[in-house]
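Computed from the coordinates by the stated procedures, all read-outs in this text should not be read as laboratory data. None of the values given here were measured: they were computed from a predicted structure. A quick note on method: Cβ atoms are made from the backbone with ideal geometry, for glycine too, and the neighbour counts reach across all protein chains shown.
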Amino acid sequence: LRPFHDEDAIAKAAWHSDPELVRFSGGPEDCTEGESLRWMEQAELRRRAGQSLALAIADAETDTLLGYVEISRPDPEDHELGELRYLLGSAARGRGTAARAVCLMLGYAFGVLNMWRIQAVIHPDNASSMNVLERIGFKWDGFQVLEGEDRSEDRIMFSLLADEFPLMPVAGDG
């Protein structure tokens, strides 16, 4: 995990041509390099404001951007609650990358940010992402309906408490 670099914008913009990623993330179908740069700038502003921490998931040998993982505080009044988001480009899937990145972020969220409960909201058809969370120890917590301008979609809520977090990272991410 590392901070984003400006050159990551090219790879981040390319993710939005992946229909599966767009469907599961709710992101736009088209994203330019400039829009990706603005997203990274906004992520840095949210970090400085103490609202969230988004880090690039990069290949350890080449430093190529593979995805990102983010922890945020969805309720400004509840500093013990965190919300986890993560995304991998298609080339990085199925190699344990998501599980390793999520475990690193959870260790930081529980150990440094002193969060007690972390939740993640997953598209009900995203079996790979659900498998990542379940192997780490997250429990199914119920459904959430996301309301949009022209539609609503179900999501599955998972949660993990600090005292449930495993001591060792879990390999494999489906």
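So how do 124-133, 55-64, 101-110 stack up, highest first, on mean other-Cβ count within 10 Å?
On the way: 124-133: 17.9, 55-64: 15.3, 101-110: 21.4.
The densest-packed peptide leads the list: 101-110, 124-133, 55-64.
Any chance you could run the full-extension gain for A60 through A91? It's 0.36 nm times the residue separation minus the Cα-Cα distance, nm to one decimal. Let's see the in-between values first.
Values: separation 31, 0.36 × 31 = 11.16 nm, distance 1.45 nm.
Full extension of this stretch gives 9.7 nm more.
If I stretch the segment between D163 and N114 completely, what's the gain in nm (0.36 nm per residue apart, minus their alpha carbon distance), one decimal?
Values: separation 49, 0.36 × 49 = 17.64 nm, distance 1.17 nm.
Fully extending the segment from D163 to N114 adds 16.5 nm.
Would you mind counting up the charge near L113? Only other residues with Cβ under 13 Å from its Cβ, with Lys and Arg at +1 and Asp and Glu at -1.
On the way: positive: R47, R73, R117; negative: E70, D78, E80, E83.
Summing Lys/Arg as +1 and Asp/Glu as -1 gives -1.
Grab the other residues whose beta carbon is less than 13 angstrom from that of L160, score K and R as +1, D and E as -1, and report the net.
Values: positive: R117, R135, K139; negative: E80, E83, E134, D141, D163, E164.
Computed value for this residue: -3.
Residues in region 44-81, backbone N under 17 Å from the label point at E7 (7 Å along the Cα-to-beta-carbon vector): list them, ranges by number please.
56-67
Dipole magnitude of region 27-89 about its Cα centre, charges +1 at Lys/Arg Cβ and -1 at Asp/Glu Cβ only, in debye to the nearest 20? Mind showing how you got there, number by number?
Values: 6 positive and 15 negative charges, 41 e Å.
Once rounded to the nearest 20, the dipole reads 200 debye.
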